Amino acid sequence: MTQARYPKFLTAIPQDLVCASDYALYAKQHLPDDIYQYIVGGGGDEITLRRNRSKLDDLLILPRVLQDCTQGGTHTTVLGQHFRSPIMLAPVAFQTLAHPDGELATAEAASLLETGLVVSTLASQTWQDIADKTQSNKWFQLYLQESRDFTSSLIKRAEQAGYTALVVTIDAPLHGIRNRAQRAGFVLPDDVVAVNLADRPPLPRKVFDPSESVVFQGMMSEAPTWQDIEWLQQQTELPIILKGILSPQDALHAKQLGIDGLVVSNHGGRTLDCMPSAIEQLPHIRHAVGDNFPLIMDGGIERGTDVFKAIAQGADLVWVGRPQIYALAVAGALGVAHLLRVLREELEVTMSLAGTPTIADITDEMLIK
Ligand SMILES: Cc1cc2nc3c(=O)[nH]c(=O)nc-3n(C[C@H](O)[C@H](O)[C@H](O)COP(=O)(O)O)c2cc1C
């Protein structure tokens, strides 16, 4: 472990660190520049990344006054699983980039704050160790592997470790064009590895014909298709959620295949640039799949008001990506726990001031678009 990479972590939360965007400012001071740029950045010109925020900002909340909120709460149930609040931690790879405790610290914070978390295929600590750190709902994020046998073995390991849903990320068959990370010269340090994939079978070396494309005939030749999703459905009893849906047609197709839920997401603006924001696609997807079909949304969530807006637009759960890593980089498990507490309290205050005591009360009519 390269200790020199990490500055001094905070062991108490300073007075001026009060919300998620404050963690972003602190994280810039706490991380080496190349790692910070890799985390903060998006694809291409970052049009989608900016849009994730700007479209959330464009939505306004229309409160109802004089409502009795004394029986209120943020509890919700999705896929038969109970959640203390609809806020969950998104899968983020390689968390020891931000803190030597990495995913273990995040899971500990999630447990303390009774918050669900999703653990990446590319975690830098073992799925079992991470699972053992939390009593909260834990879901496993799967990147389909080139070898089906190997993919099956990953699912079995996740099942054995106690994960209760499979989140299959389908929007990143290859990396987006991450110019910001390139300019900063980011490369994954040698000591940060996808430890759970250590036994991945080596890929056959492909020799390209000059007429072939390294992208189409190379990287995309092993990319998953809908047939792989149908195969996957035969491999597990766990609910399957597809992450990275923006098109209502894809959403409907997934529902018709028997998929259990969807994450409306553009991968935090890190893959294809110029996609719409998740928040603006959410109502279209809700309309396509109808009520009572689990929808999760992520991308740009930084405030309790953002969570409220996403629920009003049709989400059942809302995931937080970058802010958890900023908090981890600044103060480890303490930072993530503080961030989660702040977000939940902000949601409670928003719900109270908007006159919506329960999650079910938060409807489309509460928003001005
Ligand atoms: C540094 C970083 C690593 C990520 N790693 C993964 C991953 O391993 N698997 C995945 O499905 N999504 C991954 N994501 C995307 C997040 O799960 C999530 O969709 C996105 O961060 C949400 O946007 P937000 O950061 O604005 O909250 C990653 C995002 C970041 C910033």
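Observations on the structure shown:
- Selection within the range 291-311 - in a loop (DSSP other than H, G, I, E, B), within 10 Å of the ligand (Cβ to nearest atom) and either over 14 Å from the mean Cα position of the chain (by Cα) or buried (at least 24 other Cβ atoms within 10 Å of the Cβ) (or both): GLY299, GLY300, ILE301
- Residue check, LEU49 closer than 21 Å to GLU345 by Cβ and within 16 Å of the ligand (Cβ to nearest atom): no
- Residue list for the range 312-344, restricted to those being part of a helix (DSSP H, G or I), within 21 Å of ARG270 (Cβ to Cβ) and within 13 Å of the ligand (Cβ to nearest atom): ARG322, PRO323, GLN324, ILE325, TYR326, ALA327, LEU328, ALA329, LEU339
- Failed criterion for LEU66 (all others in (1) in contact with a Leu (Cβ under 8 Å, 6 or more places away or on another chain); (2) farther than 22 Å from HIS267 by Cβ hold): (1)
- Residue identified as outside any helix (DSSP H, G or I), of a type outside the set (Phe, Trp, Tyr) and within 16 Å of the ligand (Cβ to nearest atom) among LEU203, LEU272: LEU272
- Only residues that are away from the ligand (no atom under 16 Å from the Cβ) and not polar (S, T, N, Q) were counted in the range 239-249, giving 2.
Yes/no per residue for (1) among the polar types (S, T, N, Q); (2) out of contact with any Gly (no Cβ under 8 Å at 6 or more places or on another chain):
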residue: TYR26; (1), (2): no, yes
residue: ASP33; (1), (2): no, yes
residue: GLY41; (1), (2): no, yes
residue: ARG53; (1), (2): no, no
residue: ASP57; (1), (2): no, yes
residue: THR70; (1), (2): yes, yes
residue: HIS75; (1), (2): no, yes
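- Helices (runs of 4 or more DSSP H) enclosed by the range 1-65 - at least 3 residues per element that are in contact (Cβ under 8 Å) with a residue 12 or more places away in the chain and under 30 Å from SER352 (Cα atoms): 20-30, 47-58
- Number of residues in the range 206-249 that are under 22 Å from GLN281 (Cβ atoms) and either in contact with a strand residue (DSSP E or B) (Cβ under 6 Å, 6 or more places away or on another chain) or not in a loop (DSSP other than H, G, I, E, B) (or both) equals 10.
- Criterion (in contact with a Leu (Cβ under 7 Å, 6 or more places away or on another chain), within 28 Å of GLY41 (Cβ to Cβ) and among the acidic types (Asp, Glu)) met by exactly one of ASP298, ASP306, ASP273, ASP316: ASP306
- Of all residues in the range 11-31, those that are surrounded by fewer than 18 Cβ atoms within 10 Å (Cβ to Cβ) and either at pLDDT below 95 or away from the ligand (no atom under 12 Å from the Cβ) (or both) total 10.
The values are calculated or read from the model by the stated rules, or taken from the named source; none is laboratory data. Model, not experiment: these values are computed from the prediction. Don't worry about glycine lacking a Cβ; one is built from the backbone with ideal geometry, like all the others, and counts go over all protein chains shown.
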